[in-house]
């Protein structure tokens, strides 16, 4: 069981690191190929998705430790999370006039980081079997 926990923790560490790198790389690409507002909107979208992923990770870890939240507490957590993220998106696009497509693109950073982790795991498994 300890080996599985270590593998899981290593994978999560790589996913969080991948999200940081992808957010910076996407913002840099936006800066090079678009403008600073596009890059900032992408980075803010990526930061919001990083925060959302982190909150979900903490909630799942708490459930794995046997913590049973009340249904009302869980509902408040889920609703408040979406309210905060929606308000942040509104401020990014409407108040600051940032590009909505760039901010939405940033929201896909965790998915890209998970795909990179899957690719890493598959190549690592392939190297173990062939070596």
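Quick look at the numbers
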item: Residues being modelled with pLDDT of 95 or more and either in contact with a helix residue (DSSP H, G or I) (Cβ under 7 Å, 6 or more places away or on another chain) or not in a helix (DSSP H, G or I) (or both) - total across segment 107-119; result: 8
item: Residue within segment 83-96 that is within 16 Å of the chain's Cα centre (by Cα), surrounded by 13 or more Cβ atoms within 10 Å (Cβ to Cβ) and in contact (Cβ under 8 Å) with a residue 60 or more places away in the chain present; result: no
item: Long-range neighbours under 7 Å by Cβ, at least six apart or interchain, first residue on the phi > 0 side of the Ramachandran plot and surrounded by 14 or more Cβ atoms within 10 Å (Cβ to Cβ) within segment 108-125, second part of a helix (DSSP H, G or I) and at pLDDT 95 or above; result: none
item: Evaluation of residue 34 against (1) surrounded by 15 or more Cβ atoms within 10 Å (Cβ to Cβ); (2) in contact (Cβ under 8 Å) with a residue 40 or more places away in the chain; (3) over 16 Å from residue 108 (Cα atoms) (one fails), failing number; result: (1)
item: Matching entry among 78, 28, 51, 44 (being under 26 Å from residue 13 (Cα atoms), assigned to a helix (DSSP H, G or I) and at pLDDT 95 or above); result: 28
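The values are calculated or read from the model by the stated rules, or taken from the named source; none is laboratory data. Please read all numbers here as calculations on a predicted model, not as lab measurements. Backbone-built Cβ (ideal geometry, glycine too); neighbour counts: all protein chains shown.
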